[in-house]
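Take a look at the structure set out below.
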Amino acid sequence: MRYLWRLLPLAFILLMAGCGKQNLSALDPQGPVAAAQFDLIKLSLTIMIIVIVVVFAIYLFVIIRFRERPGDTHIPKQVHGNKALEVVWTVIPIILLLFLAVPNVMQTFTLAEVEDTEDSVRIVVTAHQFWWEFEYPEYDVVAGQDMYIPTNTRINIELEASDVIHSFWVPALAGKQDNVPGITNEMWLEAPEEGVYQGRCTELCGEGHWLMDFQVIAVDPDTFETWAQNMATTDDDVEEETTVAVEGREVFEQNCISCHAVGGEGGNMGPNLTNFGEREVVAGFLEYNDENIADFIRYPQEKKPGSLMQAFPQITDEEMDALIDYLDSLKVLD
Amino acid sequence: MADQHVQTLPPSPEKATLEGKNKYLGFWLFLGGETVLFASLFGTYLGLRGSTVDGPGPSELFHLPLVFIMTMILLTSSLTSVFAIISMKKGNYKGLLAWMTATVLLGATFLGLEIYEFVEYVEHGLGFTTSAFGSSFYTLVGTHGAHVAFGIAWITTLIIRYRKSGLTLTNAPKFYVAVLYWHFIDVVWVFIFSVVYLMGIGG
Amino acid sequence: MSNTNAQTKSVVWDWLTTVDHKKIGIMYLVAGAFFFALGGFEAILMRIQLMFPEATFLPAQTFNELLTMHGTTMIFLAAMPILFGLMNYIVPLQIGARDVAFPFLNSLGFWLFLFGGILLNLSWFFGGAPDAGWTAYVPLSSEYSGTGIDYYVLGLQISGAGTLIGGINFLVTIINMRAPGMSMMRMPLFTWSTFVASTLILFAFPALTIGLLLLMLERIFGATYFAVASGGNVVIWQHLFWIFGHPEVYILILPAFGIFSEIIATFSKKRLFGYSAMVFATLLIGFLGFMVWAHHMFTVGMGPIANSIFAVATMAIAVPTGIKIFNWLFTMWGGRIQFTTANLFALGFIPSFVMGGVTGIMLATSAANYQFHDTYFVVAHFHYVIIGGVVLGIFGGAFYWWPRMFGYRLNETLGKIFFWMFLFGFHLTFFVQHFLGLMGMPRRVASYLPGQGLDEMNLISTIGAFLMGVAFIIFVVNIFVSMKNKETSGDPWDGRTLEWTIPSPTPEYNFAQTPLVRDVDALWYEKYEGEGSMKAAEPLGDIHMPNGSILPVIISLGLFIASFGFIYHDDGWTWVAIVGLVITFGSMFVRSIKEDHGYHIPVDEIKKGGK
């Protein structure tokens, strides 16, 4: 009997773990922060399942045992109550809650400790309607949409917002914190394994809220250093591979550069595109292919409702091919 | 006819009928709600009083002597309303009306000075939309001012409506809760005086 | 004064001017049911959109408007008014009163609510509904939204004023108007929970009033409390909103607890187990309800100290809630449990609500909350407590008190079909949403991408929502087909409390003679330990009644008109606001200077009407 009680929640948790997509689910943690949070979830769920089992058992017993049977008209004894029982079901829940409250308070403080060390990397995450900007002050680098981080390194994150409130969530790595205009929030996370982790905005921020996704890309520390150096130094000496790409660069400079920066040059109204050619997805969620890129440039609001990007339906097919070639060539890692 | 004109009234005419008792209790509860209302405004003001941006701040604007005079006037009006209730309990209806009139006049003077004060501040560059401090200041003090204005209109209505009726079981609770309301406004002002003005100049 | 006889006036005029708590209660129920159906329809539309990934059934903007209006409608215009309807009808009867303390204000409260609700919903036709969520977080709602938010602000302001008036009215009624012998500790639990919920209304709604006032001044008159560029702070709104918003959920759930306490005792044929513990737990929940608002804001950056305090305080609420659950279980223990439809809702409530309660504790775990917050896990949690608690309570209460309120019984067979279908649909809809949230689905998303493992559960959820919709239709059908089952007995369930001591249909004056109360379950005591029927506390005599008045409608209408002046004041509509306010304050002035002493029902008529 005792074993059963312990096994029941365990079985349930086993069922839960591994639910959902690996790089997205909070139930399949890929880093220490998410793991600590998942431990708390499991702990609370275990305690709660004990409560549920007790209540349901009494409940089922009562409604079966004391149901009205045909022909039964007796008047039950009018019991007033029982002080001892009241004490029991007041004290036991308090004890159960202490088992949860203490680890929770400890964990709340641990997760709030954001201190820079020699190895840590600091990233300022600014949320915009409806895209993400990642600034690496130690490297003088600004990136858009893809947040590169080194593995096994403590990443200290500052959260800011340029317009409305957003919330930064990478379920597989860490729970969320809000990006609040006028306020800087802090959190940290770590990714032991290389991989691409899905991130998204969890605070209703307007029409494009549901598509405000981003990627956290964990690479080994050496690769990260290369990435950061190249992001910082690719001022405007990107060597285009083809002549078409050179034409594409002209199209870019005529139409895009006032909002999008490549290397050090360009506006900051939209995401930085220095490493656009290495993206896995376009605009945070679309499969990376020529058609999606072209469609998004021509009609961004059709792909991402509420997007503040200007539409460019006037770009000809020829110009578009060149532009996409140019964008494809924007790489910093090889 | 439930409420005939009664010659001899019980010692507490404001609570002698069930209607009166309900009104009395209901009004106390309402003031409890009003307390939360003003607490919310105070909280907002305290959160924003440092946010003067480019506009003037509390210490550059507030002119303590004027505010002190306003405070004294409002406190006196509370005192006159107490005299009004004492008259009522003594059955001196004329005294009640006279003291209530004095209360209204003092309240109107206070309101006039507050309007003058606001005009001064606007001239010194603090508009409603100048800064978060300006918005929260005018909202807190203005909401209090609106309460004063409502109180003046209410008590004036009572005085005119019942100028000839004498004290009855129907109008006694009305005067009584109006005075309760007036005291409440007064207490709120004491908090405004301390939190907004004294802290604004001192801290 | 003249004896105003309602029968000489038209039916419509009678209902417009009524100050009878029973008629006002029924109007609350009808209006609330209408808004409930509307909010349910909005939910079904959203579930259709979420049935498949990347569906294009609704544009994202419309989806955001629907989610905002669904939440706002269900909380402010459906759940609360329906509970107010039950409270209005039942509480005076349970305490042996002939009316509420302020019949005129009672009517005013209703009309304010109705005009506020209509104003809010008119936004659909004038430039789009509010789209910033029912919580309307700034700056999305202040600087980045259209006129819909103005309708939200003014609609809620008007209906909120009505709620506040209603709350004060119930408090005074319960404190001052109890029948002789009914001490506070002899009041039925539904009356107790109404009392505590009304206290919460009194202290919580003013915070919302100020929040809405600030948002209105910011949007319409350019104030800068929330505008970061001018030194504003966006978190202030969240504090004000949740200082109101958290007690609000207890304003909803406590009356439902009260309803279940009545139903479970009645249909177990047993006195409520641990009456004083139940009362104490209700008070404690109400008190703690004010201490925990910031658990809605764990991720906003309050720091670990504040987060820890609010986490522990929130967990503490589980203790009094647990006390209530166990006392209900032990009320049934040793009883003779009858499975009427009303009791089925109570029995369905216990497991459903426990599941919603435990996820509440999980959410209170602040460090883990960073994962739960603003995901479908939260959506699942609050629907478990609100549908599993409040809505089941409302339906249970409807089946229980229907014969009292409408003079006929609802059909039990249809009722049971409705119950099972609704309960099954409810669990189907919301159980899977716990997992959706943890698997990475944020709340308030207009759609989701395929290939994330979210497709199947969303489909299941939508099927459940359809079942709930069909079940509700069966309930509506039940209302009409059952009308012929006239209830002649005033006490169809072998009831325990005073509302079952009077004949059916309920006389206008409720009690021919004010009853004398001698125990907690006054009627049960007289039936089984006394002389069989209630003792009277007064001789038979003329009964004083208040006159009806049209002024509440006019006062509310004035504010309704004024709102348009505020919303379109940039377009030169300021005069409309002035006209509206003149109408409102003018009618208040008229009310103030006109003494209305009511009328009397002569004793002969009472002898004819009642027993």
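Near C:ILE337, the amide H atoms lying under 5 Å from its own belong to A:ARG67, A:GLU68; only residues 5 or more places off or on other chains count, and H is placed 1.01 Å from N.
The C-alpha atoms of chain A define a longest principal axis, and helix A:221-233 lies at about 40 degrees to it. On association of chains B and C, roughly 3000 Å² of accessible area becomes buried (total for both chains; probe 1.4 Å).
Short-range pairs are left out: with C-alpha atoms under 8 Å and at least six residues apart, the relative contact order of the range B:68-201 is 30 percent. Across C:ASP596, A:ASP140, C:ASP491, the residue with the most accessible area heads the list, and the full order at a 1.4 Å probe is A:ASP140, C:ASP596, C:ASP491.
Residues of the range C:258-283 that bury at least 30 Å² of accessible area once all protein chains are present, compared with their chain alone (1.4 Å probe, heavy atoms only, ligands and nucleic acids left out), are C:LYS270, C:ARG271, C:PHE273.
Most simply put, the protein assembly as shown has about 75% antiparallel DSSP beta bridges, counting only bridges with both residues inside it. About its Cα centre, the dipole of the range A:235-328 is roughly 720 debye, where the only charges are +1 on Lys and Arg Cβ and -1 on Asp and Glu Cβ. Overall, the accessible surface of the range A:235-328 at a probe of 1.4 angstrom is composed of carbon and sulfur to the extent of 46 percent. Listed by number, the DSSP H helices of chain C that run 27 Å or longer by alpha-carbon position along their axis and have mean Kyte hydropathy of at least 1.6 are C:189-221, C:455-481, C:574-593. Pairing the Cα long axis of helix A:243-255 with the longest principal axis of chain A, what angle in degrees results, from 0 to 90 and rounded to the nearest 10? Long axis of A:243-255 versus the principal axis of chain A: about 70 degrees. Per-residue shielding of B:156-166, expressed as the average number of other chain Cβ atoms within 10 Å of the residue Cβ, stands at 1.
Based on protein heavy atoms only, the range C:156-214 ends up with 19 Å² per residue of surface accessible to a 1.4 Å probe. Label-to-label distance for A:MET106 and A:GLU265 is 5.6 nm, based on points extended 7 Å past Cα in the beta-carbon direction. Once each of the trypsin sites (Lys or Arg not before Pro) sitting in a DSSP loop with at most 11 other beta-carbon atoms within 10 Å is removed, chain B keeps B:1-162 as its longest stretch.
Taking Lys and Arg as +1 and Asp and Glu as -1, the other residues whose beta-carbon sits under 13 Å from that of A:PRO32 total -3. Heavy atoms of chains C and A lose about 7500 Å² of accessible surface on contact, summed over both sides with a 1.4 Å probe. Angle of helix A:32-65 to the longest C-alpha principal axis of chain A, folded into 0 to 90 degrees and rounded to 10: 30°.
In the protein assembly as shown, a dipole from Cβ-located charges (positive for Lys and Arg, negative for Asp and Glu) runs towards its positive end, and of C:PHE84, C:GLY128, C:LEU436 it is C:PHE84 whose Cα lies farthest in that direction.
Remark: the range A:235-328 carries 51 Å² of accessible area per residue (probe radius 1.4 Å; ligands, DNA and RNA excluded).
For the peptide B:26-35, the mean number of other protein chain Cβ atoms found within 10 angstrom of a residue's Cβ is 5. For chain C, the longest piece that avoids every one of the GluC sites (Glu not before Pro) found in DSSP loops with at most 13 other C-beta atoms within 10 Å covers C:55-528.
Here the Karplus curve 6.51 cos²θ - 1.76 cosθ + 1.60, taken at θ = phi - 60°, turns the phi angles of the range B:112-124 into couplings of x, 5, 5, 4, 4, 4, 4, 4, 4, 4, 4, 5, 7 Hz, with x standing for Gly and Pro. Placing a label point 7 Å from the Cα of B:PHE83 along the Cα-to-Cβ direction, the residues of the range B:163-199 with a backbone N closer than 17 Å are B:179, B:183. Solvent-accessible area of the range B:68-201 (1.4 angstrom probe, protein heavy atoms only): carbon and sulfur portion equals 75 percent.
Let me check against my output: what whole-number percent is the relative contact order of chain C, with C-alpha pairs under 8 Å and at least 6 apart?
17 percent
Where the accessible area of chain C is counted over protein heavy atoms with a 1.4 Å probe, how much of it, in %, is carbon and sulfur? Carbon plus sulfur share of accessible area: 70 percent.
Using a simple charge model, +1 on the beta-carbon of Lys and Arg, -1 on the beta-carbon of Asp and Glu, nothing else, what dipole does the range B:68-201 show about its Cα centre, in debye to the nearest 20?
Dipole magnitude for the range B:68-201 comes out near 960 debye.
For A:ARG154, the amide hydrogen comes within under 5 Å of the amide hydrogens of A:VAL121, counting only partners 5 or more places away or on other chains and with H modelled in the peptide plane.
If you take all other residues with their beta carbon under 11 Å from the beta carbon of A:LEU204, and give Lys and Arg +1 and Asp and Glu -1, the sum is -2. The candidates C:VAL385, A:VAL142, arranged from most to least accessible area with a 1.4 Å probe in the full protein assembly, appear as A:VAL142, C:VAL385. Annotation: for a label point projected 7 angstrom from Cα along Cα→Cβ of A:ASP119, residues of the range A:170-202 with backbone N closer than 20 Å are A:173-174, A:187-195. Estimated from the Cβ-Cβ distance and a Förster radius of 25 angstrom, the FRET efficiency linking C:PHE52 and A:GLN310 is about 0.20.
Per residue, the accessible area of the range C:550-595 comes to 50 Å² when a 1.4 Å probe rolls over the protein heavy atoms. Among the listed pairs A:LYS83/C:LYS23; B:LYS23/C:LYS608; B:LYS23/C:LYS270; A:LYS83/C:LYS535; B:LYS15/C:LYS270; B:LYS21/C:LYS594, which are separated by more than 30 Å between their Cα atoms? Among A:LYS83/C:LYS23; B:LYS23/C:LYS608; B:LYS23/C:LYS270; A:LYS83/C:LYS535; B:LYS15/C:LYS270; B:LYS21/C:LYS594, the Cα-Cα distance tops 30 Å for A:LYS83/C:LYS23; B:LYS23/C:LYS608; B:LYS23/C:LYS270; A:LYS83/C:LYS535; B:LYS15/C:LYS270.
Here the 3J(HN,Hα) profile of the range C:334-340, calculated from phi with Karplus coefficients 6.51, -1.76 and 1.60 at θ = phi - 60°, is x, x, 10, 7, 9, 8, 6 Hz, Gly and Pro shown as x. If you plug the beta carbon distance of B:THR143 and C:ASP570 into 1/(1 + (r/R0)^6) with R0 = 22 Å, you get a FRET efficiency near 0.40.
Efficiency by 1/(1 + (r/R0)^6): what FRET value for C:GLU456 and B:PHE191, r their Cβ-Cβ distance, R0 = 56 Å, to the nearest 0.05?
The formula returns an efficiency of 0.45 here.
Farthest towards the positive end of the charge dipole of the protein assembly as shown, among the residues C:SER461, C:VAL576, B:PHE62, is the Cα of C:VAL576, using unit charges on the Cβ of Lys, Arg, Asp and Glu.
Using Cα pairs closer than 8 Å and at least 6 residues apart in sequence, work out the relative contact order for chain A, in percent. Taking the mean separation of contacting Cα pairs over the length of chain A, I get 15 percent.
For a test of the definition: using alpha carbon positions, the gyration tensor, and the 1.5 limit on a/c, classify the protein assembly as shown as rounded, prolate or oblate. Oblate is the answer for the protein assembly as shown, as a/c is 1.5 or above yet b/c matches or exceeds a/b.
Net charge around C:ASN121, counting only other residues with Cβ within less than 13 Å of its Cβ (Lys, Arg = +1; Asp, Glu = -1)? Could you put the intermediate results ahead of the total?
Numbers: positive: none; negative: C:GLU42, C:GLU65.
Spelling it out: positives minus negatives among the neighbours equals -2.
Ordered from highest to lowest accessible area with the whole protein assembly present and a 1.4 Å probe, A:VAL219, C:VAL579 read as C:VAL579, A:VAL219. The H on the amide N of C:VAL100, modeled in the peptide plane, is under 5 Å from the matching H of C:HIS21, each at least 5 residues off or on a different chain.
Averaging Cα coordinates gives a centre for the range C:506-583 and one for the range C:250-319; these two points are 28 Å apart. For the pair the range A:90-120 and the range C:378-405, the centres of their Cα atoms are 35 angstrom apart.
The values are calculated or read from the model by the stated rules, or taken from the named source; none is laboratory data. Everything numeric in this text was worked out from a predicted model, so none of it was measured. Note that each Cβ is placed from the backbone with ideal geometry, even for glycine, and that neighbours are counted across all protein chains shown. Surface areas here come from the heavy atoms of the whole protein model, side chains and all, with no ligands, DNA or RNA. Shrake-Rupley method; radii C 1.70, N 1.55, O 1.52, S 1.80 Å.
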